[in-house]
Amino acid sequence: MALLFKSDVDRAEVWQDAIATLLPELEFRNWPEVGDPAEIEYALVWHPPRGELAKLPNLKAIFSLGAGIDHLASDPDLPKDVPVVRMVDQSLTLGMTEFVVMSVLRHHRRIHDYELQQRQKTWEQHVTPLAWQRKVGILGLGVLGSDAADKLNYLGFDVAGWSRSEKNVPGVTSFSGEEGLRPFLERSEILVCLLPLTENTKGILNAETLALLPRGAYLVNAGRGQHMVPGDVLAALNSGQLAAATLDVFPEEPLPQDSPFWDHPKVLVTPHGASITSPITAAEALAESIKCLREGQPLQNVVDFDRGY
Ligand code: NAP
Ligand code: GLV
């Protein structure tokens, strides 16, 4: 009985130790050292090469190392009869909330402007609105979006979220469905994207949607790079429709050296590090799921490929 591990980040040893403590009977195999494919029952993966998982005949479950599963959905050979479990883990959620709160506060308090001013040795104060006068909008009010919304609400911001179904996060205004998108965008002075990447959400940050934001809005994208149309985001930044942006994800990663985002004075680039799954807590979530499978209990956080997330 073995688990196949494949990650982009070199943390295999930490994961191996964490899993060995909780599931000592499970042999840990770090891709590409697969061994006998028939012995692999579980795969814990990030960006597995296309077709690799289809070679494992006795696979019982595929666990995504991240919350997003677009890296798996894009594999045409992904085994159809094996459940895919996305990562839902307290430290992944807290990490994202830290990133969103940090980004919202940085724009709200115009720290991005002070960073530029410091380079020019310019001493100029900006009076900023109070938190309750600032409207923050979160695209995607799921596990990550609802926690970030809750903490921003606690800080006093006027927070709304947009999701497929209506939500009830205390203190957070819920907009839903296609008809809810326009009024949601029209009020979002700081727009945060925490959507999964699906056929319906691809390219959602485009010229048309960005034009609906109040002029001089801020954009924080920590969803996926393909949520934005890069040329449209740049045009909105250059026209002043967007005052500044924090971009953690890009259509091509690593961000190519010649990308205009690197040097753009209104853009903070972070390397898809908004929140990274920590083995310390996530191994427990994994062990819990494997226990459910073994005991015939229903699995939590299974991906619904018909809706795309
Ligand atoms: P989740 O719990 O599945 O939440 C997804 C949210 O998006 C839900 O509220 C869902 O609505 C909404 N949604 C999906 N499709 C929609 C549509 N067509 N229209 C309106 N709303 C839609 O996912 P999560 O755990 O919060 O993770 C969200 C995403 O964050 C991941 O998929 C990943 O892309 C990204 N992420 C990025 C990083 C990073 O480091 N940058 C780290 C972790 C995750 P319902 O609630 O109605 O279903
Ligand atoms: C990271 O991008 C994740 O989906 O967890």
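Show the residue pairs meeting these rules: Cβ distance below 7 Å; 6+ apart or different chains; first residue within the range 82-101 and farther than 15 Å from G142 by Cα and among the small types (G, A, S); second residue more than 8 Å from ligand 1 (Cβ to nearest atom) and not in a helix (DSSP H, G or I).
Filtered contacts from the range 82-101: S91/S278.
Please determine, by comparing only the residues of the range 61-92 that are within 16 Å of the chain's Cα centre (by Cα) and charged (D, E, K, R), which one is farthest from ligand 1 (Cβ to nearest atom).
So the residue we want is D89.
May I ask you to verify whether A148 is crowded, with 16+ Cβ neighbours inside 10 Å and of a type outside the set (F, W, Y)?
So A148 passes the test.
How many residues are in a loop (DSSP other than H, G, I, E, B) and within 12 Å of ligand 1 (Cβ to nearest atom) when one looks only at the range 233-277?
Here the count works out to 12.
Which residues, taken from the range 161-208, are touching a Pro at 6+ places or on another chain (Cβ under 9 Å) and part of a strand (DSSP E or B)?
F175, the sole residue that qualifies.
Give the residues of the range 59-77 that are in contact with a helix residue (DSSP H, G or I) (Cβ under 7 Å, 6 or more places away or on another chain) and not in a loop (DSSP other than H, G, I, E, B), sorted by residue number.
Passing the criteria: A61, I62, F63, S64.
Take the residues of the range 161-174 that are in contact (Cβ under 8 Å) with a residue 24 or more places away in the chain and in contact with a helix residue (DSSP H, G or I) (Cβ under 6 Å, 6 or more places away or on another chain): which is farthest from ligand 1 (Cβ to nearest atom)?
Selected residue: V172.
Do you know which residues across the range 78-93 are crowded, with 16+ Cβ neighbours inside 10 Å and not in a loop (DSSP other than H, G, I, E, B)?
V84, V85, S91, L92, T93, listed by residue number.
Could you go through the range 293-303 and let me know if any residue there is touching a residue at least 12 places away in the same chain (Cβ under 8 Å) and in a helix (DSSP H, G or I).
Within the range 293-303 (the criterion being touching a residue at least 12 places away in the same chain (Cβ under 8 Å) and in a helix (DSSP H, G or I)), the answer is yes, since at least one residue qualifies.
Can you name the number of the only condition in (1) within 13 Å of ligand 2 (Cβ to nearest atom); (2) outside any loop (DSSP other than H, G, I, E, B) that V104 fails?
With respect to (1) within 13 Å of ligand 2 (Cβ to nearest atom); (2) outside any loop (DSSP other than H, G, I, E, B), V104 is out only on (1).
Going by what's in this entry, would E115 be described as within 17 Å of the chain's Cα centre (by Cα), surrounded by fewer than 19 Cβ atoms within 10 Å (Cβ to Cβ) and not hydrophobic (A, V, I, L, M, F, W, C)?
no
Residue-by-condition table, conditions (1) in contact with a Gly (Cβ under 9 Å, 6 or more places away or on another chain); (2) closer than 25 Å to E98 by Cα; (3) modelled with pLDDT of 95 or more:
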| position | (1), (2), (3) |
| --- | --- |
| W162 | yes, yes, yes |
| E178 | no, no, yes |
| E189 | yes, yes, yes |
| P196 | yes, yes, yes |
| L212 | no, no, yes |
| R215 | yes, no, yes |
| H227 | yes, yes, yes |
| S239 | no, no, yes |
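The values are calculated or read from the model by the stated rules, or taken from the named source; none is laboratory data. In this text, all values refer to a predicted model and were calculated from it rather than measured experimentally. Virtual Cβ from ideal backbone geometry, glycine too; neighbours counted across all protein chains shown.
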